[in-house]
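The values are calculated or read from the model by the stated rules, or taken from the named source; none is laboratory data. Computed from a predicted structure; not experimentally measured. Reconstructed Cβ throughout: ideal geometry from the backbone, glycine too, with neighbour counts over all protein chains shown. Accessible surface is based on the protein model in full, side chains and every heavy atom, while ligands, DNA and RNA are left aside. Shrake-Rupley method; radii C 1.70, N 1.55, O 1.52, S 1.80 Å.
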Amino acid sequence: MAEALRACVLAAGKGKRMGGQKPKVLFEAAGKTLLEWCLSALSAADIHDLVVVVGFKKHEVVARLPTGVRWVEQPSQLGTGHAVLCARSVFPDDGVPLLVTCGDMPLLRPQTFREVARQQQMMDAACMVLTTRIDASSRFGRVVRDKAGNVSRIVEYQDATAEERALEEGNTGVMCFRPQSLWPALTELNNNNAAGEYYLTDVIAVLRQRGERVCAYRGAAPEEAMGVNTPEDLREVEMALCRRGGL
């Protein structure tokens, strides 16, 4: 793995399908909040330079952050791409790779974070996307490849055609970037999509248009890639955590 690595954790969401009364990342599973599971896995992967992007009821989230973990605010929840751009000001221009992950995915293992970072360095990629095998009913974003098998773009489920929804490679939401490629690409995003949001996933197409290398590492087990969007999801990840006995 790279000698140095930073991480940006997206934790600004409201979690409407969870009831919307508290930040989604503060729901608990197997004795820890979803965000605590995420931060513990990053720490176990030796990633200690962390920035958490907060938004909805930010003070509640900030109060639960471990000592030394920095945070920035996303004033309005305009999408994942906008959330990462909100963190731009706190990262120095020193070329250290940036891992982006979601605070509502408690099943990701430390070794998975380490490996996606290693793959990014080994391939000298502007972006390494962590993907997983999915079935047609899954609501994961789909990884679209060109005829040569190269990643060309990621399409969110709600924007995907029937043909795209039949694809069996899904985006987990975990990406490792060369920052000098990421920051300019973020400024080119638009919100012309079903959600009216600035998707981080749209950076992939921007990078490809610039002629930069984008790679995918299909290294996440389907269970690891499970995020929490509903109470049913929460029960499922809690059972998985209990079966595993932790990280």
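May I ask you to give the percent of accessible area on the stretch 1-82 that is carbon plus sulfur, with a probe radius of 1.4 Å? After summing per-atom areas, the C and S share lands at 50 percent. For the stretch 171-232, a simple Cβ point-charge model (Lys and Arg +1, Asp and Glu -1, everything else neutral) yields a dipole of about 400 debye relative to the Cα centre. Applying both filters, DSSP loop and at most 15 other Cβ atoms within 10 Å, to the GluC sites (Glu not before Pro) of the stretch 1-89 gives 3. Based on the alpha-carbon gyration tensor of the stretch 1-106 and its eigenvalue square roots a ≥ b ≥ c, which shape applies: rounded if a/c is under 1.5, prolate if not and a/b is larger than b/c, or oblate? Oblate. Taking amide H as placed 1.01 Å from N in the peptide plane, residue 29 has its amide H under 5 Å from the amide H of 34, each at least 5 places away in sequence or on another chain. Accessible surface calculations at 1.4 Å, restricted to protein heavy atoms, place the chain at 45 Å² per residue. Rounded to the nearest 20, the Cβ-based charge dipole of the stretch 35-150 about its Cα centre (Lys and Arg +1, Asp and Glu -1) stands at 380 debye. How high is the relative contact order of the chain, given as a whole-number percent (alpha carbon pairs under 8 Å, six or more residues apart)? Relative contact order here is 25 percent. Rounded to the nearest percent, how much of the accessible area of the stretch 176-247 (1.4 Å probe, protein heavy atoms only) is carbon and sulfur? With neighbouring chains kept in place, the figure for the stretch 176-247 is 45 percent. Please report the base-10 log of the normalised intensity I(q)/I(0) for the stretch 12-52, using a Debye sum with one equal scatterer per alpha carbon and no solvent, at each q in 0.14, 0.20, 0.23, 0.29 (1/Å). Log-scaled intensity ratios, in q order: -0.37, -0.66, -0.78, -0.96.
The calculated FRET efficiency for the pair residue 150 and residue 122, based on their C-beta separation and a Förster distance of 22 Å, comes to about 0.85. Note on the chain: Rg/Rh from Cα positions, Kirkwood definition for Rh, rounded to two decimals, is 0.93.
Note on the chain: dipole from Cβ charges, positive end direction compared against 229, 217, 144; the farthest Cα belongs to 229.
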